Amino acid sequence: MTFDQWRRGAGTALSFTTFGLGGVIIGVVIAPALLILVRAPETRQRWMRRLIQLAFRAFIGLMRVLGVLRYEMRNIELLQRPGLLIIANHPSLIDVIFLVAYTRHADCIVNGALAHNPFTRGPIKAAGYITNTNPETVLAAAKQSMTRGNSLILFPEGTRTAPGGLVHCRRGGANIALRTGTSITPVLILCEPVTLTKGEPWYHIPEKQIHIKLKVMEDLRVEQDKQKPPRQQAVELTRWLNDYFNKELEQFRHERDTKPVAGNKAHDYRHSGA
């Protein structure tokens, strides 16, 4: 390892140690205090989500100051609108931190295992985030959350994107969009060099500084087709989303003009009024 890798490795260790301690403090100290002091559950969740948002922004700032990463965000102000269904690719462990940090009233669908992790279960429970244990429960909770003005963050692949691989969405995001009648707000995320992928430990320090690039795209309007069964609509929308993300990520990766290219499903979907 080079000296720069050792330096960034030390910064990474400090950052994640701080993150873990913060999760424990929120779960063990702050969440119980709010439970006693704030009786209204919805108000308590809003306060907790705001606290988590500020903590995530501080975490991002710490990683930047320590030289662990740098980042650029485009159209991030679009995430300040209420009641969004935000669908993003998931190249790294830390991309969710960016989305929660910069989305107004962010709600999340999280892996059920995180609700049992000692560092994350306290904040997840106190913030009222949705766990993905039961699909029908998820749909109902998602609709209720967005009706209240929260913005729902969803990674439709269900896991982190394989390095160098294509985006393969599951039908969950499409089902939520179709059943709630909510437009999709796509977010493109690049992480270069690739790091913190599925199964990769935090102490595998890349040769170069991490560069996160995030771009919020224009909304995709979703309408139900009464002539088709719900499952078929979800399958077709999922295919559109796969094509959309893979085409747009390719353009974003090479910093080309991100106007849609005619003749692909991503173009057809955005301009067909579907």
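The values are calculated or read from the model by the stated rules, or taken from the named source; none is laboratory data. Since the model is a prediction, treat every value here as computed from it, not as a measurement. Here the Cβ positions follow ideal geometry from the backbone for every residue, glycine too, while neighbour counts run over all protein chains shown. Remember, those area values only see protein heavy atoms, side chains included, never the ligands or the DNA or RNA. Shrake-Rupley method; radii C 1.70, N 1.55, O 1.52, S 1.80 Å.
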Margin query: Which residues does the label zone of residue 10 cover in region 58-80, counting backbone N under 20 Å from a point 7 Å along Cα→Cβ?
Written below: 61-70
Next item on the list: Go ahead and run the numbers for FRET between residue 2 and residue 119, Cβ-Cβ distance against an R0 of 30 Å, rounding to 0.05.
Entry: 0.50
Check: What residues have an amide H closer than 5 Å to that of residue 69, excluding those fewer than 5 places away on the same chain, when H is modeled at 1.01 Å from N in the peptide plane?
Finding: 64
Next item on the list: Using 0.36 nm per residue of separation minus the Cα-Cα distance, give me the extension gain between residue 207 and residue 226 in nm, one decimal.
Entry: 1.6 nm
Check: Out of the DSSP beta bridges found with both residues in the chain, what percent are antiparallel (nearest 5)?
Finding: 30 percent
Check: Excluding ligands and nucleic acids, what accessible area in Å² is computed for residue 121 using a 1.4 Å probe, to the nearest 10?
Finding: 120 Å²
Next item on the list: Can you work out the PRE-style zone for residue 168? Point 7 Å along Cα to Cβ, and I want the residues of region 85-101 with backbone N under 20 Å.
Entry: 88-93
Check: When only the heavy atoms of the protein chains count and the probe is 1.4 Å, how do 37, 114, 178 rank by accessible area, highest first?
Finding: 37, 114, 178
Margin query: I'd like the Karplus ³J(HN,Hα) series for region 177-192: coefficients 6.51, -1.76, 1.60, θ = phi - 60°, whole numbers in Hz, and an x wherever there's a Gly or Pro.
Written below: 4, 6, 6, 9, x, 9, 5, 9, 9, x, 10, 9, 10, 10, 10, 10
Next item on the list: Go ahead and estimate [θ] at 222 nm for the chain from helices alone: -39,500 (n - 2.57) per DSSP H run with n ≥ 4, summed, over the residue count, rounded to 500.
Entry: -14500 deg cm²/dmol
Note to self: Within 10 Å, at most 15 other Cβ atoms, and a DSSP state outside H, G, I, E, B define an exposed site. Report the longest part of the chain free of exposed GluC sites (Glu not before Pro).
What the structure shows: 1-206
Next item on the list: Could you rank the peptides 142-152, 55-65, 102-112, 192-202 by their average count of other C-beta atoms within 10 Å per residue, with the highest value first?
Entry: 102-112, 142-152, 55-65, 192-202
Notebook entry, point to check: How big is the charge dipole of the chain about its Cα centre, in debye rounded to the nearest 20, if each Lys and Arg gets +1 on its Cβ and each Asp and Glu gets -1 on its Cβ?
Noted result: 600 debye
Note to self: Run the count for the chain, please: Lys pairs, Cα-Cα under 17 angstrom, 8 or more apart or on different chains.
What the structure shows: 5
Check: Sorted by packing (mean other beta-carbon atoms within 10 Å per residue), highest first, where do 85-95, 26-36, 8-18 land?
Finding: 85-95, 8-18, 26-36
